[in-house]
Structures are given as C-alpha cells and as structure tokens.
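Here's the structure, in structure tokens; my notes come after.
The values are calculated or read from the model by the stated rules, or taken from the named source; none is laboratory data. All figures in this text were calculated on a predicted structure; none of them were measured in a lab. Cβ placement follows ideal geometry from the backbone for every residue including glycine, while neighbour counts extend to all protein chains displayed.
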C-alpha cells in the first residue's frame with residue numbers, strides 16, 4: 001500500500017514541476033519539489049530494501065540521491081546495497097560521502113562499516 005501511495009505522489013509531483021508561473025512566484029519551488037521527490041524515492045527504496053529486492057532498492061536510492069545529493073539516509077542505504085552486492089569500492093565511495101557530513105546520525109555506523 002505504501003508503495004502505491006509513493007508512486008502516486010511521484011506522478012502528482014510531476015504535474016507541479018512544469019508550470020513556469022509557479023516558478024516565477026516561488027523561485028525555490030523547483031528545489032522543494034526535488035527534495036520531496038528525493039524523500040519519496042528514499043521511502044520506495046526502503047520498501048524494496050525491506051523486501052530484499054536490492055535491485056529496486058538500489059534504483060530508488062540512486063534516484064533519491066540524484067534528486068537531492070544531501071539526502072544522507074539515501075546515500076547511506078545506497079552504500080549498504082552496494083555492500084550487499086559485494087561492490088565494495090562503490091560502497092566505500094558512498095560511505096565517504098556520508099562521512100563528509102559529520103552531523104549525520106549514521107556517521108558512527110559508517111565508521112564501523114569502513115573499519
């Protein structure tokens with residue numbers, strides 16, 4: 001059910017990405033939409049991750065990070081999927097991005113994984 005709601009939300013967000021009048025009225029609107037989009041992809045990634053569907057989880061986490069490169073929970077979970085798939089160099093690269101944000105709550109776990 002959550003997956004259906006998230007997918008519907010992505011479709012609705014697409015309708016708001018285009019109106020130029022909205023962009024003139026609120027210049028931050030496009031960025032706000034991308035942040036929301038990133039959060040939705042992150043949630044979809046978590047749904048697939050919990051179902052051990054790592055391919056779909058990877059695709060959704062990747063979209064989340066592309067929409068908002070500061071989405072550290074998505075970056076961290078992307079690293080986990082790389083790790084589960086034995087893609088250690090990519091996992092390390094993703095974990096290092098999380099480490100660059102020392103205030104992120106998963107920093108201690110990242111250090112543990114890299115050790």
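Values computed for the structure shown
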read-out: Any pair with Cβ under 6 angstrom, 6 or more apart, that starts in the range 88-100 at a residue that is farther than 18 Å from residue 64 by Cβ and ends at one that is in a helix (DSSP H, G or I); value: 99/110
read-out: Checking residue 50 against (1) in contact (Cβ under 8 Å) with a residue 24 or more places away in the chain; (2) out of contact with any helix residue (DSSP H, G or I) (no Cβ under 7 Å at 6 or more places or on another chain), the condition it does not meet; value: (1)
read-out: Condition check for residue 97: in a helix (DSSP H, G or I), within 28 Å of residue 30 (Cα to Cα), touching a helix residue (DSSP H, G or I) at 6+ places or on another chain (Cβ under 8 Å) and at pLDDT 90 or above; value: no
read-out: Test for residue 24: is it in a helix (DSSP H, G or I), at pLDDT below 90 and surrounded by fewer than 16 Cβ atoms within 10 Å (Cβ to Cβ); value: yes
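Okay, residues lined up against (1) touching a strand residue (DSSP E or B) at 6+ places or on another chain (Cβ under 7 Å); (2) within 16 Å of residue 7 (Cβ to Cβ); (3) at pLDDT 90 or above; (4) crowded, with 16+ Cβ neighbours inside 10 Å:
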residue	(1), (2), (3), (4)
38	no, yes, yes, yes
42	no, yes, yes, yes
64	no, yes, yes, yes
75	no, no, yes, yes
88	no, no, yes, no
110	no, no, no, yes
